[in-house]
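Chemist: This is the structure I want to talk about, given as structure tokens.
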Amino acid sequence: MSLSAQARWAGNPTVKAGFAETDITPEIGMEQPGGYGKVFHKTLHDRCKVRAAVFDDGRKQAAIVGLDALIVPRQLVLAVRKEIEAKAGIPGNAVMVNASHSHSSGPIGMVQPGEYDGASELVRKLAYEKSSAADPRYLRSLHQQIVAAVVDAHNKRADLLCGVGMGREEKVGFNRRVRMKNGRTFSHPGQNNPDMVQYAGPIDPDVGVVGAWDKEGKLTGCIVNFSCHATTSPGGISANWIYYMEKAIRGFFGEHVTVVFVQGACGDVTQVDNFSKVLPPSGDESAQFVGGRVGAEAVRVLLSMPRGALTPVDSLSRVIRIPRRKPAESTLREARSLISKDPNVAGVTEWTFAKETLMLEYLIQKEPVVDAEVQAIQVGPAVFVSNPAEYFVEFGLDIKAKSRFPFTFPAELSNGCVGYVPTEEALSESGGGYETRLTSYSNLIPSAGRTIANTGIALANQLTPGKLPEAPPAKPFSAPWRYGDVPAQTQ
């Protein structure tokens, strides 16, 4: 052990933590998620993973799981929690499962197996044959690998020095919603569009990091929280820009490091800058740019943070019930008329959203109110506040501002999926844009986002922040450096 590692370890309290990862790379030919129609993987760029961190303060345990996945279905979360609790003793409501929202990952959504079995023949065909759908075999494998990663992390628990910190990366994420001259808001109106006025919303440049070191001073694992869509599409199956973030961190600290990524509130934030005047980079170049810069900032934060025990470990969760919003009768009539036509005649976009309208009509009949779990997992002075949505960044910033924790990390697309949850302003007459479209994927009432945020803030503030580790104090002064304690010599 180095002298610096000895100095850090001596007298410092520790916490038990463990990290592990498993492989969830889909097969070539499986569906590529992320759209409203079917697309299939043809090549492999990099592996997709489950990455898990388990924290144990001797009293309570919690697990934070990051998936290289578009979403995480609610039923999958409930099933893996039950098995994790049986095998590792971690309570189900202390397990957070977060999806990175990689659009280049495995077939986990949108349509779930059996979801439309009770619908009409037409709607079943639209759902299972014309829509992006989860693969039951892949879901079973994913279940096994999530459980395996958490149990492995649990078994690897050891006394570690941990730290938490925050950096900033302001050049890779942009609000994709733009206020136009007509007073409305467009999503991705396009570069050099003369009608653009200004970004319609903020970004969140915070790079939140939790790190854990062993007795030798080697980084064992870390958690990184950042808010940006994983839509860089580097080409083929991929963890998306998260792959390059991990590569940057491992390039400095070593290939043994487990890097758990937790996606922040980024429902309206992507890597695309609509106001940019230069030709955008290729998908792989964009993935390198986003992942490389976020990873480099995480390295900087890890190198700077004091280390100690991040305690206590605690968790709270609450399931709230939120109604869906219904399409107007005129919208339903138009959808029924359009769906009978050839998409190339009706217009592919118009036909696609007609399909979505009819699928939504069935879901409202089947389940007019949906479950949305909000969770707070505490690791000392840090709290991860989850939601199951593609959550507008404004809500994430509000949760941070109103939490009493010094480090608050919003975690969208966690423990389920309810689609886009925009602000009420985005759903008003001055709003609009892609994220506000009524679909089988996104359909909660306008107040949903505020209800979720208020619930998350309340849960976080029921917990008491732990003490932030401090760097060891310098030794008392004894004497100056003899080589330096001399007058200037001029000859």
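Coordinate-derived values only; no laboratory data. What you see is a predicted model; the values in this text were computed from it and never measured. Here Cβ is always computed from backbone atoms with ideal geometry, including for glycine, and neighbour counts include all displayed protein chains.
Chemist: First check a/c for the chain, with a ≥ b ≥ c the square roots of the eigenvalues of its C-alpha gyration tensor; if it is under 1.5, answer rounded, and if not, answer prolate when a/b is larger than b/c or oblate otherwise.
Modeler: Judged from the Cα gyration tensor, the chain comes out prolate (a/c at least 1.5, a/b above b/c).
Chemist: Tell me the mean residue ellipticity at 222 nm calculated for the chain from its helices only (DSSP H runs of n ≥ 4, each -39500 (n - 2.57), averaged over every residue, nearest 500).
Modeler: Dividing the helical sum by the residues of the chain leaves -9500 deg cm²/dmol.
Chemist: Note the angle between two axes, namely the Cα long axis of helix 74-88 and the longest principal axis of the Cα atoms of the chain, as a number of degrees from 0 to 90, rounded to the nearest 10.
Modeler: 30 degrees
Chemist: Taking a cut-off of 13 Å between Cα atoms, list the aspartates and glutamates near Lys87, but don't count ones fewer than 8 places away on the same chain.
Modeler: Filter leaves Asp152.
Chemist: OK, next. So what J values fall out for region 27-37 if you push phi through Karplus, 6.51 cos²θ - 1.76 cosθ + 1.60 with θ = phi - 60°, rounded to Hz, Gly and Pro as x?
Modeler: 7, 4, x, 6, 5, 9, x, x, x, 9, x
Chemist: Scan around Val262 for amide H atoms under 5 Å from its own, H built in the peptide plane at 1.01 Å from N, and keep only partners 5 or more places away or cross-chain.
Modeler: Amide H neighbours of Val262, under 5 Å, 5+ apart: Val224, Asn225, Phe226.
Chemist: Can you report the principal axis dimensions of region 353-491 using only the alpha carbons, biggest first, rounded to whole angstrom?
Modeler: 90, 39, 22
Chemist: Using the 10 angstrom Cβ neighbour count as an exposure proxy, how do Arg336, Arg51, Arg437, Arg81 rank, fewest first? Show your work: numbers first, answer last.
Modeler: Working: Arg336 14, Arg51 27, Arg437 18, Arg81 23.
Least crowded to most crowded, the residues run Arg336, Arg437, Arg81, Arg51.
Chemist: Can you pull the three principal axis extents for the Cα set of region 325-366, in Å, largest first?
Modeler: Here the Cα extents, ordered largest to smallest, are 30, 16, 14 Å.
Chemist: Can you list residues whose amide H is under 5 Å from Phe409's amide H, if they're 5+ apart or on another chain and H is modeled 1.01 Å from N?
Modeler: Val383, Phe384, Val385
Chemist: Let me ask you something else. Just tell me which aspartates and glutamates come within less than 17 Å, Cα to Cα, of Lys42; anything on the same chain fewer than 8 places away is out.
Modeler: Glu27, Glu31, Asp135, Asp284
Chemist: Follow-up. Give me, ordered by chain and number, the residues 5 or more places off Gly267 or on other chains with an amide H under 5 Å from its own placed amide H.
Modeler: For Gly267, the qualifying residues are Tyr391, Phe392, Val393.
Chemist: What nm value, rounded to one decimal, do you get for the distance between Phe275 and Asn182 when each label is placed 7 Å out toward the C-beta?
Modeler: Between Phe275 and Asn182, the simple spin-label model gives 2.2 nm.
Chemist: Another one. How about region 217-300: which trypsin sites (Lys or Arg not before Pro) there are in a DSSP loop, with at most 10 other Cβ atoms within 10 Å of their Cβ?
Modeler: Passing both the DSSP loop test and the Cβ count: Lys277.
Chemist: Additional query: Under 23 Å from the Cα of Lys181, which lysines turn up, not counting those fewer than eight places away in the same chain?
Modeler: Partners within reach: Lys277.
Chemist: OK, next. Quick check on region 27-150: what does the Kirkwood estimate of hydrodynamic radius come out to from the alpha carbon pairs, in Å?
Modeler: Averaging 1/r across every pair of different Cα atoms and inverting gives 15.5 Å.
Chemist: In addition: Ordered by residue, what ³J(HN,Hα) values in Hz, to whole numbers, does region 126-141 give under the Karplus form 6.51 cos²θ - 1.76 cosθ + 1.60, where θ = phi - 60° and Gly and Pro are x?
Modeler: 3J(HN,Hα) across region 126-141, in whole Hz: 4, 6, 8, 9, 10, 10, 4, 9, 6, 9, x, 5, 5, 4, 5, 5.
Chemist: Another question, then. Could you give P(r) for region 112-194, binned at 5 Å from zero, as whole percent values over all Cα-Cα pairs?
Modeler: 3, 9, 10, 7, 7, 9, 15, 16, 12, 8, 4, 1
Chemist: Then there's this: By per-residue mean of other Cβ atoms within 10 Å, what is the highest-first order of 408-415, 104-111?
Modeler: The packing order, highest mean first, is 408-415, 104-111.
Chemist: FRET efficiency for Asp159 and Ala474, Cβ-Cβ distance as r, R0 = 35 Å, nearest 0.05? The partial results should precede the final answer.
Modeler: Working: r = 25 Å, r/R0 = 0.72.
After rounding to 0.05, the efficiency reads 0.90.
Chemist: To continue, here is another question. How do the peptides 176-185, 39-48 rank, highest first, by the average count of neighbouring beta carbon atoms within 10 Å per residue?
Modeler: Taking the mean over residues of other Cβ atoms within 10 Å, the ranking is 176-185, 39-48.
Chemist: If packing is taken as the average number of other Cβ atoms within 10 Å across a peptide's residues, how do 364-375, 421-432 rank, most packed first?
Modeler: By packing density, highest mean first, the sequence is 421-432, 364-375.
Chemist: Please give me, ordered by residue number, the chymotrypsin sites (Phe, Trp or Tyr not before Pro) of region 205-309 that lie in loop per DSSP and have at most 15 other Cβ atoms within 10 Å.
Modeler: In loop regions of region 205-309 (DSSP not H, G, I, E or B), the sparsely surrounded chymotrypsin sites (Phe, Trp or Tyr not before Pro) are Phe275.
Chemist: What FRET efficiency, computed as 1/(1 + (r/R0)^6) with R0 = 22 Å and r the Cβ-Cβ distance, is obtained for Arg124 and Lys326, rounded to the nearest 0.05?
Modeler: The computed FRET efficiency comes out at 0.55.
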